[in-house]
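Written below as structure tokens is the structure these notes are about.
The values are calculated or read from the model by the stated rules, or taken from the named source; none is laboratory data. Owing to the predicted nature of the structure, the values given are computational and were not obtained by experimental measurement. Here the Cβ positions follow ideal geometry from the backbone for every residue, glycine too, while neighbour counts run over all protein chains shown.
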Amino acid sequence: MPSDATESSHGPLRSVVVPAATLDRSRLHEDITLLAELGAKELRIGIDWAWMQPSAGAVNGDAVEFYLGATQTARASNIALQFTLLEREVPKWFDNDGGFADAKWAGHWWPRWVEVCADSFGDSVAGWVPIDHPLAVANRLFPDDPRRHGEVLDTVITAWRDAWRILRGGPPVITSFGMEIVRPADQTIPAEHAAKRLDQIRWRLWLQGLRDGVVSIPGRADNEIADLAGSCDVLGITVRHERDALGLLHRAAEQGLDRPMAVTLLLPAGTDADRELVVERYLQQTTEAASALPLLSVAVSPAFDTTETELHLAPMAGRGIISRDRELKDSGRLYFGITE
């Protein structure tokens, strides 16, 4: 594994995430330099698939040059730059003809997208996150149809395997599984059944699949997918509640994947004073986790503020540790250990 992914002698590396939808292209080079100066050792950014591949089979050379430039700036700034290939948005041309709801269509075009990224950026990146929060892909398409939801999950986990086949052997391939403590919404039997299904999907489907290659989706027969077992270099999870980070990291480690680990906290809305308390608890939890687990890095997302009107990103507005004017907030000072 490249040295960029090794654990610091002072504990897990401090990392930040800039989702594709919040990335300011006009400021990215300055932002990379700023983050490195603040002490970030890793930066994960989402690639805008629709911008880089405006139509099926096409590649936007300007987009490729932009992201290559980012890798050069990161290298010069001594910050490890990772690329996420799929976040929330897919290109319209991909979605209009079925997207991940059509296994054949996705099985044709998704690997080609991964190949474009591998060929364009190769070893210039410090890591790959093929799919961020893969469960969310199925949740967005068929939230109320368990049968179709299961079909999409099967397609997405196959897409992960396809990405692994293309990317393995290069920069580390990192998972980004959204993990939560699943509790029934109420005390009814349907709520208990729904919680049991969700817990199985969040935990057993992905972590068992990566451990032994067997895909287990509620309502479908188990099946083994070739090359799925062991298909990551770093086991990364994403958490919404900082108080759960320690327990979720331990539960993930107990699945027996025997991989280095990483964790990302989705920062909450509210005042920065509230966010500062969240960051403090998060660092306490991850410091304790690192004493017992092979925790390589801790991250927060998003790094920068947006506004409610900017790119329709109300859910992320004001949640960063750095303002839109690129001023470090108190939560950011705490996160990076800056006391002056």
Of all residues in region 31-71, which are more than 21 Å from the chain's Cα centre (by Cα) and under 14 Å from E89 (Cβ atoms)? P54
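Name the one entry in R183, R140 that is part of a loop (DSSP other than H, G, I, E, B), more than 16 Å from D227 (Cα to Cα) and among the charged types (D, E, K, R).
Just a single option satisfies the conditions, and that option is R183.
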Test: A299 is under 17 Å from D31 (Cα atoms), modelled with pLDDT of 95 or more, under 22 Å from the mean Cα position of the chain (by Cα) and not in a loop (DSSP other than H, G, I, E, B): yes
Name the pairs whose Cβ atoms lie under 6 Å apart, with the first residue in region 282-307 and within 23 Å of I32 (Cβ to Cβ), the second polar (S, T, N, Q), and 6 or more positions between them or separate chains? S297/S15; V298/T286; A299/S15; A299/T264; S301/T264; P302/T22; D305/S323; T306/T22
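Table: residues versus (1) assigned to a strand (DSSP E or B); (2) within 19 Å of the chain's Cα centre (by Cα); (3) acidic (D, E).
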| position | (1), (2), (3) |
| --- | --- |
| R75 | no, no, no |
| F83 | yes, yes, no |
| W93 | no, no, no |
| C117 | no, yes, no |
| D123 | no, no, yes |
Quick one: which of G69, G57 is more than 18 Å from W128 (Cα to Cα), exposed (fewer than 15 other Cβ atoms within 10 Å of the Cβ) and touching a residue at least 24 places away in the same chain (Cβ under 8 Å)? G57
Total residues in region 24-54, condition surrounded by fewer than 17 Cβ atoms within 10 Å (Cβ to Cβ) and either of a type in the set (D, E) or over 22 Å from I338 (Cα atoms) (or both): 8
So, first residue over 13 Å from F336 (Cα atoms) in region 11-23, second residue of a type in the set (K, R) and surrounded by fewer than 21 Cβ atoms within 10 Å (Cβ to Cβ), Cβ within less than 9 Å, six or more apart or across chains; the pairs are P19/R88; A20/R88; A21/R88
Lone qualifier among L43, L28, L38 - being of a type in the set (A, V, I, L, M) and out of contact with any Leu (no Cβ under 8 Å at 6 or more places or on another chain): L28
For D227, all conditions in the list (1) in a helix (DSSP H, G or I); (2) in contact (Cβ under 8 Å) with a residue 24 or more places away in the chain; (3) not aliphatic (A, V, I, L, M) hold save one; what is the number of the exception? (1)
Would you check if there is a residue in region 232-242 being hydroxyl-bearing (S, T, Y), assigned to a helix (DSSP H, G or I) and either modelled with pLDDT of 95 or more or crowded, with 23+ Cβ neighbours inside 10 Å (or both)? no
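Let me confirm something: among P172, P146, which residue is in contact with a strand residue (DSSP E or B) (Cβ under 6 Å, 6 or more places away or on another chain) and in contact (Cβ under 8 Å) with a residue 24 or more places away in the chain?
P172
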